[in-house]
Amino acid sequence: MPDLLIELFSEEIPARMQARAREDLRKLVTDGLVDAGLTYASAGAFSTPRRLTLTVEGLTANSPTTREERKGPRTDAPDAALEGFLRSTGLTRDQLQARDDKKGQVWFAVIERAGRPASEIVAEVLDATIRNFPWPKSMRWGAGSLRWVRPLHSILCLLSDEAGATVVPLAVEGITAGNSTRGHRFLSPDAFTVTGFDDYAAKLRRAHVILDSAEREAAIRQQAENLAFARGWQIVPDDGLLSEVAGLVEWPVPLMGVIEDRFLDLPPEVLQTSMKEHQKFFSAKNPKTGRIEGFVTVANIETPDDGATILAGNQRVLAARLSDAAFFWENDLREAKAGMQAWAEGLKSVTFHNKLGSQADRVARIAALAREIAPLVGADANQAEQAAKLAKLDLRSAMVGEFPELQGTMGRYYALAAGEPDAVADAARDHYSPLGPSDAVPTAPVSVAVALADKIDTLTGFWAIDEKPTGSKDPYALRRAALGVIRLEMENLVRASLGSVAVKQYMQTLRFLQKENRYIFLKDTNSNNTLTQFFSITCLFSTDTRFSVNSERVDSDSPVFVCRNKREPNSDSANSLQITSNLEGYYEVLEELPSPNDLAADLLSFLHDRLKVYLRDQGIRHDIIDAVLAQPGNDDLVLVVNRATALNAMLQTDDGKNLIQGLKRAGNILAQAEEKDGVEYSFGADPKFAENDQERALFAALDTAEPAIKAAIAAEDFPAAMTAIAALRAPIDAFFDTVQVNTDNQIVRRNRLNLLHRIRAAGQQIADFTKVEG
Amino acid sequence: MTSPNRPRSFQEIILRLQAYWAEQGCAVLQPYDMEVGAGTFHPATTLRSLGGKSWAAAYVQPSRRPTDGRYGENPNRLQHYYQYQVIIKPSPANLQDLYLGSLRAIGLDPLVHDVRFVEDDWESPTLGAWGLGWEVWCDGMEVSQFTYFQQVGGHDCRPVSGELTYGLERLAMYVLGVEHVMDMPFNDPGAPIPLTYGDIFRQTEQEYSRWNFDQADTDMLFQHFKDAEAECARILAAEPVDGAGRTIPMAHPAYDQAIKASHIFNLLDARGVISVTERQAYIGRVRALAKACADLFVTTEAAQA
């Protein structure tokens, strides 16, 4: 059984692509071999910056011979049919066999495919693999047309067994496969030949190449830790950086350097980010001081001066980088201590979205909302508003300009420098959270208020301008914002009516949608002043930000109109109207935006969809959530989840499962009767018409359950409500077992339908049970 | 840096690069006589990377980036600096080795230093161009950009050109061990009149920084942008046959106008009068010019194999 060794030797492969490329090479080649009829015992793939390598062990030497019989046309069929058959089988007429079949004599083709040697198959598979390799980005070079991630220089392709090693004959666009490769670019540049994988790996190691990235990672980690340990320091772990660095070197040589004293006062996040992003250095922490005081850089070479020149060079580059960072930090601190007015001013010139205004506009909206939300989360309203106003100022700082990933982190430092309390500074840092499903959720009240306000404003804003996520497109990360709202509310048990919050925030947003010669009109509930056949308006937003619309007076069911001011009435346009109250002139409708209530309802349904995804991960089915969404207060997500959780728990019990059937049956019978009779059976069930004990027992059970459910719901004690309704299971089952609802006696029938209504009504207090599946 | 082979001045590094690439067979060209943001804008790169004709050129290109001006105070940033540019079509198989040879030529021995090719894909939105390659690191510092052009002016590059760009000041500061660019010896420190980079450029950096940031007449620049755009379009639309019956399409004069528009845009950007949204639109307008020039160039003799 031969072994196969493949190496694709190229110019430097981007580190981030190597892991995927190893896996793709292994899969494409082994799948190709198996499809062609070969089998193998094991396969392993490796990468360095300059090579992708695959070893396949225990490959069969030949693919098996196969024999296929195909039935063709009758021997007396027209020539055309026979010719078609010959074409499809690739045979000639004298190679066919005539056999007797039920319907007469028929041509048969017997196609034998001889087994093929592994080398032939490997050559084909590797050729196809190279030509179709799924690099995330590939390129051409020179005058050729082959594509690879960077220029491909050589192909090593060897089959070896006890008898020795043979090169697989193969040439791809002028690159002929051979049995040689090269070592380290500088330390061992000469070509050498190999006879198999073990020989290859051993010779590579002598040629200063560690083939296995896992081994390189382990070596880097070990040596870096040793270097740090010698100074009493610790390496700050960073697996992403480790795997990237391992993809940049063939012969890793970690070198430890010391950060100059003048930079040690920089925040540790700044040191770490600067060293990682710009230099790919690991940070070394001094546990005694808690500061980052050193770094480890990983060179790709051993030098006669033991890396002294390399370390000095890296140190020099780091000093230049950190000088920049220190310069930013000192300037930023000065601005922070001066109150950050320049940054607040600067946010006015940063566009958030061309329809939603500047970052300063956005901050004003978030601050107003944070103030509203503060009492709901137990935060001080002034602190929440102040925190929201400060939270994004660091976007104008030089440091965040250089390192965008430090947004928030720097905001906290600058807020503290400005003399703000910890709660406000922490909110500046934490208000972006949670950024993903596993990211920590803020719990400090001020942080929660600002984080919620930030996300709700984003959602309302993009809903207002109709930029909602569609399919896989979610350029503004609105799904993430919605999940953030859900997680913030759930993990902090925030009780908020999101519907009215969204309506209010929409009004806030509308105020900022005004631009020069572009006005937003809302319908005033008190106005009967019909100016056009389309709508009547007397309420509008002023461009003066001190003026805020009195949301109490807004007709939230009427659409919002975006209008343009015109000097003269446009006689042709029925949309031209004169506003007589605040603004003089004539207006033409440019755009109609959703009514506040429609916008809130649509946004809420989006949040409900995200809530279903969130709860699915917690084991609650979507139909259970649908069943409780019909209940009042469905814009209070905590309430929705409490209901759903209680319902879910009940449905796990026998009583619960059977109760569902009873409730559904009651509902169905009632609905059919109501449809047939054209009336609604809703009251007047009287126990005196009950004909047996089971029926009387149901009356009694309902008499007990109804007030119990009502009281439990009022107290939001959903488990108690579930217990109360679950107690109806036995009486309902017994009732349906012994009583015929649609009896001939119309009085009794009507009474029973009215009784069913009591069952339905009891259920409806808790959930819409018709939505529960099963 | 301890090598006896070490150059002593900024100009010696340039001279060694010139000699090295001349030895490798490149035509050593002179800088293009217009204001450009990078060596890539030189028609010897942008236009000559198009079409099938083989090409090998090397040159110094003074480059202007108005927004990078720091009044000569920042040790590493300048609004006017030099790039060294090498362009070879088709890219030779040993281009990496040729490049490493150029580092040895200026005293950077890859057996003492840590030279690395780190992924960095290049894209020029104003030229409608992109390529794949690396930034080359020497001891953690980026010393060059190494790119295999895939597309220029919206045209696929066939064959592919290999482009090397050295940021000369940064590279030289490293080789010479200088901390502040203005302290760097420009000519030999032992010359009768030794001149530093600062002797030559400190005052100009101050003057241009002021003009770029505060003084440039933006109304005039907006007009110049429109004029260059219009002239470019007019040249491209001109009848290729002249009055004497000669067929002379004018790709290069048109491309000069595209270069001009690009630089005027950079000046306006430095003056802070172009908003974030307008920015994309201006870049798009320059790209449209560059593409139209490329469309014409590929039909001309210089582009034929």
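Every read-out reported here was derived from the displayed coordinates using simple, explicitly stated rules and does not represent laboratory data. Just so it is clear, the model here is predicted, and its values are computed rather than measured. Neighbour counts are summed over all protein chains in view; Cβ atoms, including those assigned to glycine, are modelled from backbone coordinates with ideal geometry.
A few notes on this one:
- FRET efficiency for the A:Ala381 to A:Asp617 pair, using the beta carbon distance and R₀ = 41 Å, is estimated at 0.75.
- Note that the range B:51-63 has calculated 3J(HN,Hα) couplings of x, x, 6, 5, 7, 8, 9, 9, 6, 8, 10, x, 10 Hz, one per residue in order, obtained from phi through the Karplus relation 6.51 cos²θ - 1.76 cosθ + 1.60 (θ = phi - 60°); glycine and proline are x.
- Zone residues, the range A:715-738, relative to A:Gln672, backbone N less than 16 Å from point 7 Å out along Cα-to-Cβ: A:736-738
- Length-normalised contact order for chain A - Cα pairs under 8 Å, 6+ apart - percent: 6
- Magnitude of the charge dipole for chain B, about its Cα centre and with charges confined to Cβ atoms of Lys, Arg (+1) and Asp, Glu (-1), is about 420 debye.
- Charge dipole (debye, nearest 20) of chain A; +1 at Cβ of Lys and Arg, -1 at Cβ of Asp and Glu: 700
- Sorting B:Glu205, A:Glu162, A:Glu680 from the fewest to the most surrounding beta carbons within 10 angstrom yields A:Glu162, A:Glu680, B:Glu205.
- Given +1 at the Cβ of Lys and Arg, -1 at the Cβ of Asp and Glu and no other charges, the dipole of the range A:93-158 around its Cα centre is 400 debye to the nearest 20.
- With the simple spin-label model, which puts each label point 7 Å out from Cα in the Cβ direction, the A:Gln764 to A:Asp161 separation comes to 8.1 nm.
- Here the gap between B:Arg202 and B:Thr299, fully extended at 0.36 nm per residue and compared with their Cα-Cα distance, gives a gain of 30.5 nm.
- Each Cα pair under 8 Å and six or more residues apart adds its sequence gap; the mean of these over the residue count of the range B:10-209 is a relative contact order of 22 percent.
- Chain B: angle of helix B:10-23 to the longest principal axis, Cα-based, in degrees nearest 10: 70
- Of A:Lys280/B:Lys291; A:Lys276/A:Lys337; A:Lys473/A:Lys612; A:Lys348/A:Lys473; A:Lys203/B:Lys89; A:Lys137/A:Lys280, those spanning more than 31 Å from alpha-carbon to alpha-carbon: A:Lys280/B:Lys291; A:Lys203/B:Lys89
- Order of A:Glu592, A:Glu11 - criterion: other Cβ atoms within 10 Å of each residue's Cβ, fewest first: A:Glu592, A:Glu11
- Positive-end ranking of B:Ala58, B:Pro75, B:Leu47 along the dipole of the range B:45-88, with charges on Cβ about the Cα centre, is headed by B:Leu47.
- Cα pair distances exceeding 45 angstrom across the protein assembly as shown, given as percent: 56
- Compared with the dominant Cα axis of chain A, that is its longest principal axis, helix A:359-373 is turned about 50°.
- For peptide A:306-314, the mean count of partner chain Cβ atoms within 10 Å of a residue's Cβ comes to 5.
- Globularity index of the range B:1-111, i.e. its alpha-carbon radius of gyration over 2.2 N^0.38 Å: 1.17
- Cα-based helix-to-principal-axis angle, A:596-616 vs chain A, degrees rounded to 10: 50
- Of B:Gln206, B:Gln223, B:Gln85, the one that fluctuates the most in a GNM where chain B has Cα springs shorter than 10 Å: B:Gln223
- Each of A:Arg291 and A:Asp466 was given a label point 7 Å from its Cα along the Cα-to-Cβ line. The distance between the two points is 5.8 nm.
- Placing R0 at 25 angstrom, the Cβ-Cβ distance between A:Ala230 and A:Glu277 gives a FRET efficiency of 0.40 after rounding to 0.05.
- Neighbour-count order for A:Lys355, A:Lys688, fewest beta carbons within 10 angstrom listed first: A:Lys688, A:Lys355
- 10 Å Cβ neighbours from other chains, averaged over peptide A:140-151: 6
- For the peptide B:91-99, the mean number of other protein chain Cβ atoms found within 10 angstrom of a residue's Cβ is 3.
- Cα lying deepest toward the dipole's positive end in the protein assembly as shown, options A:Ala218, A:Phe462, A:Ser154, charges on Cβ: A:Ser154
- The A:Ala114 and A:Arg16 beta-carbon pair, evaluated with R₀ = 45 Å, returns a calculated FRET efficiency of approximately 0.50.
- Relative contact order (%) - criterion: Cα under 8 Å, at least six apart; region: the range B:217-303: 36
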